[in-house]
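Take a look at the structure set out below.
The values are calculated or read from the model by the stated rules, or taken from the named source; none is laboratory data. Just so it is clear, the model here is predicted, and its values are computed rather than measured. Here the Cβ is made from the backbone with ideal geometry for all residues, glycine too, and neighbour counts use every protein chain on show.
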Amino acid sequence: MYAIVEIAGQQFKVSKDSKVFVHRLSGDEGSKVTFDKVLLIDDNGNITLGAPAVEGASVEAKVLQHLKGDKVIVFKKKRRKGYKKKNGHRQYLTQIQISGIAVGGAKKAAAKKEAAPAEEAAPKAAAATGDRATVNFGEDHELNYHLKKNNLSQSKDNREVLVALGKEVKEELGKNVLTHEEVDAAIEKNIARFTEKK
């Protein structure tokens, strides 16, 4: 069992008894700390993904020691200018040991999500396809797509003809928007009005 948890702005993959170095924490050595921002839990292949965090889940850890990281040399130079700067930096760190991963309400949340995927997914999918399935006659790239699909010239004249044809078909069908299939059918029916690709 492991979890992806956010600690002091960084994400770590942790499991029970694992030791990790994190940015300096405020707790004293030997004290216990709890991290609530658990992004993912893998319980023997059963993955629970948070949005962004898993509800009710937490990671408990024990502060082992406060220390400094290895020295990093920061050297700056500008050639022919006599400019050199050398600085060292040692990051303040805390070593923690993971004492346990508490799932809490994560399984319940996962069960609820599994119980109603069809109810939530269906309207979302319908809304998403609804937006993409209609043709925006104000966009040249959409008009060019239909002209190219029907092997017609992507000229300005053809785009104007297609816009006019779209208005006519909308009035005929009594609709405000047209689907891609309806536009293609209208082009096939009125192919003589367009200039063919040379």
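Hey, among Ala51, Ala61, which residue is at pLDDT below 95 and under 31 Å from the mean Cα position of the chain (by Cα)?
Only one candidate passes the filter, namely Ala51.
Taking segment 28-42 on its own, how many of its residues are over 29 Å from the mean Cα position of the chain (by Cα) and either without any contact (Cβ under 8 Å) to a residue 60 or more places away in the chain or not assigned by TED's automatic domain parsing to the domain that holds Gln95 (or both)?
4
Would you confirm whether or not segment 43-51 contains a residue that is among the hydrophobic types (A, V, I, L, M, F, W, C), in the same structural domain as Lys68 (by TED's automatic domain parsing) and touching a residue at least 24 places away in the same chain (Cβ under 8 Å)?
No; the residues of segment 43-51 include none that is among the hydrophobic types (A, V, I, L, M, F, W, C), in the same structural domain as Lys68 (by TED's automatic domain parsing) and touching a residue at least 24 places away in the same chain (Cβ under 8 Å).
Suppose we filter segment 41-55 for residues that are touching a strand residue (DSSP E or B) at 6+ places or on another chain (Cβ under 8 Å) and either closer than 18 Å to Gly9 by Cα or not in a strand (DSSP E or B) (or both); how many remain?
So the answer is 4.
Within segment 41-70, track down each residue that is surrounded by 10 or more Cβ atoms within 10 Å (Cβ to Cβ) and of a type in the set (D, E, K, R).
Listed by number, the residues that qualify are Asp42, Asp43, Glu55, Glu60, Lys62, Lys68.
Return the pairs, sorted by first residue and then second, in which the second residue is modelled with pLDDT of 80 or more and surrounded by 17 or more Cβ atoms within 10 Å (Cβ to Cβ), the first residue lies in segment 144-161 and is in the same structural domain as Ala185 (by TED's automatic domain parsing) and hydrophobic (A, V, I, L, M, F, W, C), the beta carbons are less than 6 Å apart, and the residues are 6+ apart or on different chains.
Listed by first residue and then by second, the contacts come to Leu147/Asn158; Leu152/Asn158; Leu152/Phe194; Val161/Phe194.
Within segment 57-81, take every residue that is touching a strand residue (DSSP E or B) at 6+ places or on another chain (Cβ under 7 Å) and part of a loop (DSSP other than H, G, I, E, B) and give me the one that is nearest to Val20 (Cα to Cα).
The qualifying residue nearest to Val20 (Cα to Cα) is Gly69.
Can you name every residue in segment 26-40 that is assigned to a strand (DSSP E or B) and either exposed (fewer than 15 other Cβ atoms within 10 Å of the Cβ) or out of contact with any Leu (no Cβ under 7 Å at 6 or more places or on another chain) (or both)?
Residues satisfying the conditions are Lys32, Thr34, Phe35, Val38, Leu39.
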